[in-house]
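J.: Take a look at the following structure, please.
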Amino acid sequence: MATTIISSAESEVKKWWISLLLGILYIIAGVWVFQTPLVSYVSLSIVFSVFIFVSGISQITFSISNKNEISSWGWYLAGGILDLIIGILLISHPLMTMTILPFYVGFWLLFQGFMIIGLSFQFKSADVPNWGWLLFLGILTLLFSFLLLANPVFAGLSIIYMTAFAFISAGVSRMFLAIGLKKVKNTFK
């Protein structure tokens with residue numbers, strides 16, 4: 001029987017705080033985008049590129065440190081590798097990044113949204129309180145990803161604000177995930 005992240009908490013999910021740190025970073029990135037809407041689109045693409053790169057390294061670290069505790073650690077590793085590859089591509093091709101940034105952001109958020117929704121149902125089955133908020137925020141992240149993917153050509157403030165909302169939504173989701181992981185971990189101590 002495959003072990004989920006929730007059922008594997010019995011043997012202690014390590015580094016749950018990485019999700020909390022990522023959530024804080026996402027929220028900071030979202031607030032920064034809100035506060036500097038007229039900063040060049042190049043700045044947004046550079047910040048996003050570095051952010052995705054760091055996110056990939058963090059997820060890879062989380063998955064590898066939990067490979068003996070979580071049977072589905074490969075999904076976390078795959079997500080981290082995907083973020084790392086996308087980060088490298090974005091950093092190495094800044095002009096291309098400006099053109100296709102909405103697609104990158106949209107697909108990245110799509111993946112994050114589905115991951116958060118899946119984890120919310122694992123939290124529900126483990127009777128973690130407030131799992132519904134994680135589900136709501138995962139759906140919200142999905143909605144932002146669909147908006148970005150449906151309208152990738154329009155640039156300017158709308159893409160900047162949608163990106164800011166998406167970062168904040170993903171950040172709050174990550175923070176709820178971290179709190180839930182910590183509660184599950186503490187339940188089994």
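The values are calculated or read from the model by the stated rules, or taken from the named source; none is laboratory data. The structure displayed is predicted, hence computed values, not measured ones. Note that we place each Cβ from the backbone using ideal geometry, even for glycine, and neighbour counts take in every protein chain shown. Each accessible area value is taken on the protein alone, full model and side chains, heavy atoms only, with ligands, DNA and RNA left out. Shrake-Rupley method; radii C 1.70, N 1.55, O 1.52, S 1.80 Å.
J.: What is region 38-142's relative contact order, in percent, from Cα pairs under 8 angstrom and six or more apart in sequence?
T.: Relative CO of region 38-142 lands at 25 percent.
J.: Here's a follow-up. Output wanted: per-residue J couplings in Hz (rounded whole) for region 106-111, from phi through Karplus 6.51 cos²θ - 1.76 cosθ + 1.60, θ = phi - 60°, x for Gly and Pro.
T.: x, 5, 4, 5, 4, 4
J.: Oh, and also: Considering Cα pairs under 8 angstrom that are at least six residues apart, work out the relative contact order of region 87-145 and quote it in whole percent.
T.: Once normalised by length, the contact order is 39 percent.
J.: HN-Hα J couplings of region 67-74 from phi, Karplus 6.51/-1.76/1.60, θ = phi - 60°, integer Hz, Gly and Pro as x?
T.: Listing the rounded values in order: 5, 8, 9, 10, 5, 9, 4, x Hz.
J.: Now for a separate question. Hey, can you rank 87-99, 51-63 by average C-beta count inside 10 Å, highest first?
T.: Sorting 87-99, 51-63 by mean packing, highest first, produces 51-63, 87-99.
J.: Apply the a/c threshold of 1.5 to the C-alpha gyration tensor of region 42-176 and tell me whether it is rounded, prolate or oblate.
T.: Oblate shape, in that a/c is at least 1.5 and b/c is the bigger or equal ratio.
J.: Using a 1.4 Å probe over the heavy atoms of the protein chains, calculate the carbon and sulfur portion of the accessible area of region 23-111 as a whole percent.
T.: It is 80 percent, rounded to a whole number.
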